[in-house]
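Structure provided below as structure tokens; questions to follow.
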Ligand SMILES: [Mn+2]
């Protein structure tokens with residue numbers, strides 16, 4: 001089976017031609033990703049926008065995210081073009097969207113994740129032609145045309161399939177953006193979502209000249225001093241429970257002492273989860289009046305999303321989380337373990 005066959009098995013032909021029909025008459029294309037953007041959001045945002053600009057050069061393509069692009073992605077081509085929301089100093093109520101604008105949403109599981117659903121409801125009520133590119137199960141397919149493929153490990157993977165289906169050429173810059181999303185959403189091709197199709201996608205991107213070492217260095221081989229010091233505290237405080245949990249916790253004091261932002265905790269859980277023989281791992285972190293819990297497991301017989309559900313959280317079977325109002329106390333930690341265990345034993 002060729003790559004094109006793979007691509008077309010992933011993409012319904014009429015959706016692809018509908019998307020092209022939408023884009024053809026547009027003079028402006030607004031690409032939007034979700035708040036708190038990760039590598040897939042930024043990679044897909046830049047990847048699809050630069051692709052459209054390349055194949056349909058008469059279009060004015062703009063890139064939008066309500067939150068700033070994290071520093072680790074500043075190496076990506078075109079990243080300086082990412083603007084905030086659609087608002088504009090001369091038009092405080094928003095950029096003067098034109099009736100023939102086409103909006104492209106990437107990696108947004110639902111409208112509110114753009115954080116533009118209240119400021120720009122017209123983006124979601126059918127006023128504009130919209131294209132949704134996403135891989136989240138829960139996506140309600142809120143676009144005029146939807147490429148929603150939960151079987152894809154990343155939104156960038158869907159964009160590569162789309163480019164193959166349309167026979168759109170990938171430049172080295174575009175391939176670098178898209179590889180970033182493929183890598184980050186698979187944890188560097190290590191997560192269980194790393195399918196054969198992911199490897200084919202990576203092969204296609206490397207053939208197109210994706211700068212793999214730049215992505216790896218920026219995303220997986222760089223860490224700020226504050227991050228390492230915060231992780232040091234997490235690792236030092238790991239305790240193993242009789243129930244088979246590897247548990248650690250960070251307080252507001254730990255964030256203050258290391259100078260780390262909350263977001264710098266991301267990734268530490270993979271180390272806590274590395275201890276052989278444990279059923280699950282948990283990091284509790286105190287954040288502005290809340291206690292956030294991140295749960296992971298490597299085992300097929302443990303469902304951490306059910307554990308998170310006990311605390312109004314959720315997620316996937318092997319990675320889940322919750323947030324509770326309050327401060328971090330040892331009692332909270334023990335309660336978490338006991339209730340989860342009771343539930344599993346039922
Ligand atoms: Mn994603």
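A short reminder: the numbers here are calculations on the coordinates, not readings from a lab. Since the structure is predicted, the reported quantities are computational estimates derived from the model, not experimental observations. Ideal geometry is used to build each Cβ from the backbone, glycine not excepted, and the neighbour counts take in all protein chains shown.
Based on DSSP H runs of at least 4 residues, each adding -39500 (n - 2.57), what is the mean residue ellipticity at 222 nm of the chain after dividing by all its residues, to the nearest 500 deg cm²/dmol?
That calculation yields -11000 deg cm²/dmol at 222 nm.
Taking 8 Å as the Cα distance limit and 6 or more residues as the minimum spacing, I'd like the relative contact order of the range 110-262 as a percentage.
14 percent
Something else about it: Report, to the nearest 10°, how far helix 196-207 tilts away from the longest principal axis of the Cα atoms in the chain, using its own Cα long axis and a range of 0 to 90°.
So the inclination is approximately 60 degrees.
Could you please rank 17, 294, placing first whichever residue has the fewest other Cβ atoms within 10 Å of its Cβ?
Lowest count first: 17, 294.
Any idea what angle helix 155-166 forms with the longest principal axis of the chain, computed on alpha-carbon atoms, 0 to 90 degrees, nearest 10?
It works out to around 20 degrees.
How big is the antiparallel share of DSSP beta bridges in the chain, given as a percent to the nearest 5?
Close to 40 percent.
Can I ask one more? Using only Cα atoms and rounding to the nearest 10 degrees, what angle (0 to 90) does helix 172-185 make with the longest principal axis of the chain?
Taking the Cα atoms of the chain, the angle to 172-185 is about 30 degrees.
Normalised by the residues of the chain, what does the relative contact order come to in percent, with Cα pairs under 8 Å and at least six apart?
Relative contact order here is 12 percent.
Rounded if a/c is under 1.5, else prolate if a/b beats b/c, else oblate: with a ≥ b ≥ c from the C-alpha gyration tensor eigenvalues square-rooted, which is the range 191-340?
Here the range 191-340 falls in the oblate category.
May I ask what percent, to the nearest 5, of DSSP beta bridges between residues of the range 229-345 are antiparallel?
75 percent
Follow-up question, since we're still on this one. Where is the GNM fluctuation largest for the chain (alpha-carbon springs, 10 angstrom cutoff): 111, 169, 276?
276
Going by how many other Cβ atoms sit within 10 Å of their own, how do 23, 190, 113 line up, fewest first?
Listing 23, 190, 113 from fewest to most nearby Cβ atoms yields 190, 23, 113.
Could I ask something else about it? List the relative contact order of the range 229-345 as a percent without decimals, with contacts defined as Cα pairs under 8 Å and 6+ residues apart.
20 percent
Right, next: Which of 178, 170, 20 comes first, and how do the rest follow, when ranked by fewest Cβ neighbours within 10 Å?
Starting with the residue having the fewest Cβ neighbours, the order is 20, 170, 178.
Turning to a different aspect of this structure: Put one equal scatterer on each alpha carbon of the chain, apply the Debye formula with no solvent term, and list log10 I(q)/I(0) at q = 0.07, 0.10, 0.15 1/Å to two decimals.
-0.32, -0.65, -1.28
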